[in-house]
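One structure is given here, and the rest of the page talks about it.
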Amino acid sequence: MNDTDGSFALTINSPDGTEVVNGWASKDGNSVVIGGASQQNDSGGTDYEVQQTAGVKAATAATKSSLSGTYHLVGQTAGYWQSTDSTPTNVSEYLKGQVITAIFDGNGGCSVSGSGKYFNRGMFGTGAVNDSDNSFNTTSCSYTVAPNGLFTLTLPLTTGGTEKITGWASADGNVVIVGGASQNSGPDGKDYEVAKTLGVKAGANMTNASISGTYKLVGAKLAFWQSTSNGITSGPDVFTGDNITATFDGSAVCTISASGSGYSGNNGNGVVTVVPDAQTSTACTYSVDPDGAFTIDSTMDGNTEHVTGWASADGSAVVFGGPSTEISGDNTGYQLELTYGVKTLLP
């Protein structure tokens with residue numbers, strides 16, 4: 001690890017070769033973030049990918065009370081649905097995004113609520129994007145916590161039965177992560193999905209000074225674009241990844257620098273278009289609410305941006321994002337954003 005800023009490099013050896021992964025550890029050592037946009041060339045072609053991995057330090061004596069409090073989370077899911085109730089078999093792709101509030105009572109009882117969107121369409125970008133609500137009202141739940149911080153939520157389903165969700169809480173309880181790859185079979189098809197949800201514990205009496213310092217963030221954006229030019233409904237998939245440095249002065253002034261790439265394709269039905277982002281730096285202003293909700297106002301690439309998110313109770317981590325739609329000319333973008341970052345050793 002680099003003692004200057006908390007950056008680290010992992011060397012991973014596998015039968016396919018050696019890979020070096022770069023990331024940052026939080027100042028308190030309880031959370032890490034890895035990722036960004038990359039291109040890998042081999043004899044068979046080029047791999048364009050956006051990676052974002054968050055991790056937490058395992059606990060040794062966690063209990064239900066370790067997870068007591070309110071958590072704000074952002075979820076991002078990408079998947080394929082393979083239908084078996086039609087001929088020929090139909091496959092569609094989808095994106096699900098949510099902003100979730102989870103409240104744990106410290107004794108095993110909890111409640112969750114969320115707002116979100118569900119975007120789906122046929123393969124190869126040839127179908128219209130279906131935009132539907134993916135919100136849910138406050139739902140009671142129960143939870144357990146293992147000594148190492150592994151927790152399980154048990155939620156009732158409207159169709160009957162229960163759903164179990166597992167995740168990890170950091171050793172100090174200020175960060176939670178949920179997700180992974182799954183396959184779910186139903187009577188008329190099968191779901192293949194990868195889900196990721198990252199969240200932070202809300203604070204109390206927080207101020208602008210609570211997030212004073214430098215943060216390293218990794219952003220991942222997934223989008224379907226739908227063009228209606230000439231009466232044709234189609235569009236590419238777009239993946240965008242950014243590495244971001246944000247410095248907050250403890251008062252109300254901040255600076256942001258970002259670099260990354262966007263990859264646009266027609267879901268395997270065409271040539272990938274690369275749109276590299278030049279290094280961009282901009283001044284900004286920010287404010288923090290008592291529970292850790294923050295806003296950042298900046299002008300980047302000529303566009304005014306208003307970003308909202310949450311900082312953890314101890315100021316060691318930040319998360320923001322969610323689903324949105326963007327209209328540009330005769331194109332509409334249906335997108336999910338999830339950006340996570342940690343406070344570094346830098347001043």
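The values are calculated or read from the model by the stated rules, or taken from the named source; none is laboratory data. Keep in mind that what you see is a predicted model, and the values were worked out from it rather than measured. As a convention, Cβ positions derive from the backbone with ideal geometry for all residues, glycine included, and neighbour counts pool all protein chains shown.
Looking for something closer than 20 Å to PHE151 by Cα and surrounded by 14 or more Cβ atoms within 10 Å (Cβ to Cβ) - is there at least one such residue anywhere in segment 132-139? The answer is yes, given that some residue of segment 132-139 is closer than 20 Å to PHE151 by Cα and surrounded by 14 or more Cβ atoms within 10 Å (Cβ to Cβ). Within segment 206-227, the residues that satisfy the criterion of being over 30 Å from ARG121 (Cα atoms) and assigned to a strand (DSSP E or B) are GLY213, THR214, TYR215, LYS216, LEU217. Of everything in segment 11-28 that is closer than 23 Å to VAL200 by Cα and of a type outside the set (Gly, Ala, Ser), the residue that is surrounded by the most Cβ atoms within 10 Å (Cβ to Cβ) is TRP24. For segment 123-150, the set of residues classified as closer than 23 Å to ALA78 by Cα and part of a strand (DSSP E or B) consists of ASN130, ASP131, SER132, ASP133, PHE136, ASN137, listed by residue number. Scanning segment 86-130 for residues that are touching a strand residue (DSSP E or B) at 6+ places or on another chain (Cβ under 7 Å), among the hydroxyl-bearing types (Ser, Thr, Tyr) and within 26 Å of GLN226 (Cα to Cα) yields THR89, SER92, TYR94, SER115, TYR118, THR126. Filtering SER31, SER43, SER38 for residues that are surrounded by fewer than 16 Cβ atoms within 10 Å (Cβ to Cβ), hydroxyl-bearing (Ser, Thr, Tyr) and in contact with a strand residue (DSSP E or B) (Cβ under 8 Å, 6 or more places away or on another chain) leaves a single hit, SER38. Of the residues screened, THR154 is not one that is touching a Leu at 6+ places or on another chain (Cβ under 6 Å), part of a strand (DSSP E or B) and either among the small types (Gly, Ala, Ser) or at pLDDT 95 or above (or both). For segment 181-226, the set of residues classified as buried (at least 18 other Cβ atoms within 10 Å of the Cβ), over 13 Å from SER312 (Cα atoms) and either β-branched (Val, Ile, Thr) or without any contact (Cβ under 8 Å) to a residue 60 or more places away in the chain (or both) consists of THR197, THR214, VAL218, listed by residue number.
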